[in-house]
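Visitor: One structure follows; several queries about it will come next.
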Amino acid sequence: MRALEQEGAIEFLLYLHKKEKVKVSDALHDLEVGQSALYTALNKLMKAGLITETKSERFPFPRFFTLTDKGRRVAEHLVEISRILSSG
């Protein structure tokens, strides 16, 4: 089960790298994942310091997620690794 959880976190990290700022509802729809799986990935990424959460100033929802500088560097490395593997 651990590998699948890591894959979900990596998938969300790459998704966020493309979008820059993401609402949870959009990620659930676009990635076609369950809420539990997404929140597991979000918690892992926040704990690792790769993403940050921002709440609306007027309402607790929607919540937005963005990459931290560290998260952006990691995502860029993942994109490069994917590019290398797909060209070989």
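Visitor: Return the subset of 18/55; 23/70; 18/47; 21/55 for which the Cα-Cα distance in this structure is over 18 Å, preserving the input order.
Guide: Details: 18/55 20 Å; 23/70 20 Å; 18/47 21 Å; 21/55 12 Å.
Listed pairs above 18 Å: 18/55; 23/70; 18/47.
Visitor: Carbon and sulfur together cover what percent of the accessible area of the chain at a 1.4 Å probe radius? Please report the intermediate quantities before stating the final value.
Guide: Working: 3320 of 6290 Å².
Ligands and nucleic acids excluded, carbon and sulfur give 53 percent.
Visitor: Please give the helix 35-47 orientation as an angle from the longest Cα principal axis of the chain, in degrees from 0 to 90, rounded to the nearest 10.
Guide: So the helix axis and the longest Cα principal axis differ by about 80 degrees.
Visitor: Now a separate question. Taking semi-axes √(5λ) of the Cα gyration tensor in Å as the quantity of interest, determine which of [x] 24, 19, 8; [y] 23, 15, 12; [z] 42, 12, 10 was computed from the displayed structure.
Guide: Correct label, based on the coordinates given: [y].
The values are calculated or read from the model by the stated rules, or taken from the named source; none is laboratory data. What you are looking at is a predicted structure, and each value in this text was computed from that prediction instead of being measured. Surface areas here come from the heavy atoms of the whole protein model, side chains and all, with no ligands, DNA or RNA. Shrake-Rupley method; radii C 1.70, N 1.55, O 1.52, S 1.80 Å.
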